[in-house]
1. Kindly indicate whether residue 15 is without any contact (Cβ under 8 Å) to a residue 60 or more places away in the chain and closer than 19 Å to residue 120 by Cβ.
2. Restricting to the stretch 497-546, count the residues that are under 20 Å from residue 388 (Cβ atoms) and of a type in the set (Val, Ile, Thr).
3. State which residue pairs qualify: first residue more than 19 Å from residue 154 (Cβ to Cβ) and inside the stretch 169-183, second residue acidic (Asp, Glu) in any location, beta carbons under 8 Å apart, and separation of 6 or more residues or different chains.
4. Of all residues in the stretch 479-496, count the ones that are charged (D, E, K, R), assigned to a helix (DSSP H, G or I) and either surrounded by 12 or more Cβ atoms within 10 Å (Cβ to Cβ) or in contact (Cβ under 8 Å) with a residue 24 or more places away in the chain (or both).
5. Here is a list: 312, 239. Which entry is in a helix (DSSP H, G or I), out of contact with any Pro (no Cβ under 6 Å at 6 or more places or on another chain), more than 18 Å from residue 358 (Cα to Cα) and in the same structural domain as residue 178 (by TED's automatic domain parsing)?
6. Among what's in the stretch 7-27 and is touching a strand residue (DSSP E or B) at 6+ places or on another chain (Cβ under 9 Å) and surrounded by fewer than 18 Cβ atoms within 10 Å (Cβ to Cβ), pick the residue that is nearest to residue 86 (Cα to Cα).
7. Within the stretch 132-168, how many residues are assigned to a helix (DSSP H, G or I) and either in contact (Cβ under 8 Å) with a residue 40 or more places away in the chain or not assigned by TED's automatic domain parsing to the domain that holds residue 233 (or both)?
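The values are calculated or read from the model by the stated rules, or taken from the named source; none is laboratory data. Here the structure is a predicted model, which is why all the values come from computation and not from measurement. Positions of Cβ are backbone-derived with ideal geometry, glycine not excepted, and every protein chain shown enters the neighbour counts.
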Amino acid sequence: MFKEAIYHRPKDNYAYAYDEQTIHIRVRTKRDDIQSADLIYGDPYEWKDGKWISASTPMKKTGSTALFDYWSIAIEPKFKRLRYGFELKSETDTLIYAERGFFSSIPNDDVGNFFCFPFIHADDVFKAPSWIKDTIWYQIFPERFANGDSTLNPENTLPWGSANPTPTNFFGGDFSGVIQNLDYLVKFGISGIYFTPIFKAHSNHKYDTIDYMEIDPQFGTKETFKELVEECHKHGIKVMLDAVFNHSGYFFEKFQDVLENGEKSAYKEWFHIHEFPIITEPLPNYDTFAFTPYMPKLNTAHPDVKEYLLEVGRYWVREFNIDGWRLDVANEVDHNFWREFRTEIKTLNPEVYILGEIWHDALPWLQGDQFDAVMSYPVTNALLSYFANDSIKASEFMKQITESLHSYSMNVNEAAFHLLDSHDTPRILTTCNGDKNKLKLLYVFHLSFIGSPCIYYGDEIGMDGGMDPDCRKCMIWDTKEQDHALFTHIQTLILLRKQHKAFGGHGTFQFIEANDEHNYISYTKTYEDETIFFVLNPTNSEVTVSLPLHVTGKKIINIYTNEEFSAEASVLQVTLPPYGFSILKW
């Protein structure tokens, strides 16, 4: 048995309180190294004849990566506390793994040998908003969605869609345009809108904030925004805003004061300035986002900066009843600031969703004291590699998804924000090289995975575009230029997600097969007594896939096509055309 690969640590993603009664426990072992894992557990205060009283129960192998197997179990300790270890069995060996190392038999003469979960405290349970599992997001880049009030157009506004987007051109998108098209979003099935920044700024993307307390006049007024939020809520749509707290814009009043007054400025400590006088070329002598001189980095550890930004967060929740904050460049802001931000926002409304933009492993931000979720780019990368780029096989895709799922608690996975593209990436159709069969298959997985999926505006009608700024084209409203078949396909998947709890954010995800020979995958989503079986074929060849034997004799419904059949011994298979899929319920 390869001891070096065996790993567990309490009170993180390997052992955590899922709810106020349940502890989820995992242990990691070398891939294919052991045949079974049992949890040895008991109350730390229950003894008899000088021996700690323990029980044993089998764990389930919940996934494998290239290097490791993961074993998991949910346990409900009677008194909300637990001491525990693991009995690991290979073909030739049995080991007890506990906090003090490895043992040949259960060391129940000293409970200190075992891992400890001291107590399930309600305040320690990771709690995301109750509504997030049922939310399908739609990301809107406000300048490019719809022009509903031409009187707000900035100077030199171009006719809608008349030119390719650049970093400096404007087309006049605004809040009125969103309000006028809410029926479109309702028809599509959207239940949340994520807006990129809406505050006063110099650019068309608004990530260079001038005033965090004011709406950019090209979008409308605070009254218009309040109307927008109210109309969204009437239609069952949540509203999430984008907060840029890592850096301000060059024309932010406080930074302008520093430029004007130098070392005498009352705001010089609001930023990370290396020396005076300030220069911007060849490189700025102050910290910035990347090396961008017009985005000076804010000193979020400074008390005045902290209070200013915390009030920004509170103000838009308190006065406009927004439902979420997406936090730009969240990994470059100090953890203490985010802890205070969460406390302030959740005190106002515990149901506000706090989402961080982090492109890498984000466990330090997802301990329940900072964010509810991050943008799940590692999952995105796996999806694009397998479905869009054909650069990995089915087994590697399964390994990458498994690794992502086991990097966090189930609470975190259930609240995750999943995306295929955004204003920062090429559009998904372009990544698929224009192949809409691949795109349709991608959406089957995207909308049936756990967490909360997001659709970038216009993807549902077949818009394309390369890297920024090409991915920020004007929304196509001419119905003759929209792909209605693609719209209907995604709309149908959204409806299935709403009709079947197992299909969407409530269902437990489990891979069934990752077949490298034919490069297909199958998986199930389960909620209570409902199981939905998915088979996806991202290849240009027909494949035949066997169904699980336990469905023999059951009535099976393809819930996408509404076809029914009985699973007799002779038909325990489904045949998929190139880029085909089946969604089966029994």
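1. Numbers: without any contact (Cβ under 8 Å) to a residue 60 or more places away in the chain: no; closer than 19 Å to residue 120 by Cβ: yes.
The answer is no for residue 15.
2. Going through the stretch 497-546 one residue at a time, the tally reaches 4.
3. 179/227; 179/231; 182/231
4. Step one: of the stretch 479-496, the residues charged (D, E, K, R) are 480-481, 483.
Add one more test, that the residue is assigned to a helix (DSSP H, G or I), and what stays is 480-481.
Cutting the leftovers down to either surrounded by 12 or more Cβ atoms within 10 Å (Cβ to Cβ) or in contact (Cβ under 8 Å) with a residue 24 or more places away in the chain (or both) gives us none.
Looking only at that region, the number is 0.
5. Numbers: 239 fails: in a helix (DSSP H, G or I).
After ruling out the rest, the residue left standing is 312.
6. Filtering the stretch 7-27 down to residues touching a strand residue (DSSP E or B) at 6+ places or on another chain (Cβ under 9 Å) leaves 7-11, 13-18, 22-27.
Still in the list and also surrounded by fewer than 18 Cβ atoms within 10 Å (Cβ to Cβ): 7, 9-11, 22.
Details: 7: 11, 9: 12, 10: 13, 11: 16, 22: 18 Å.
Restricting to residues being touching a strand residue (DSSP E or B) at 6+ places or on another chain (Cβ under 9 Å) and surrounded by fewer than 18 Cβ atoms within 10 Å (Cβ to Cβ), the top hit is 7.
7. Filtering the stretch 132-168 down to residues assigned to a helix (DSSP H, G or I) leaves 132-134, 142-144, 150-152.
Keeping just the survivors that are either in contact (Cβ under 8 Å) with a residue 40 or more places away in the chain or not assigned by TED's automatic domain parsing to the domain that holds residue 233 (or both) gives 132-134, 142-144, 152.
Selection size over the stretch 132-168: 7.
Conditions (1) of a type outside the set (Lys, Arg); (2) at pLDDT below 95; (3) buried (at least 20 other Cβ atoms within 10 Å of the Cβ), marked per residue:
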site	(1), (2), (3)
219	yes, no, yes
226	no, no, no
247	yes, no, yes
257	yes, no, no
287	yes, no, no
307	yes, no, no
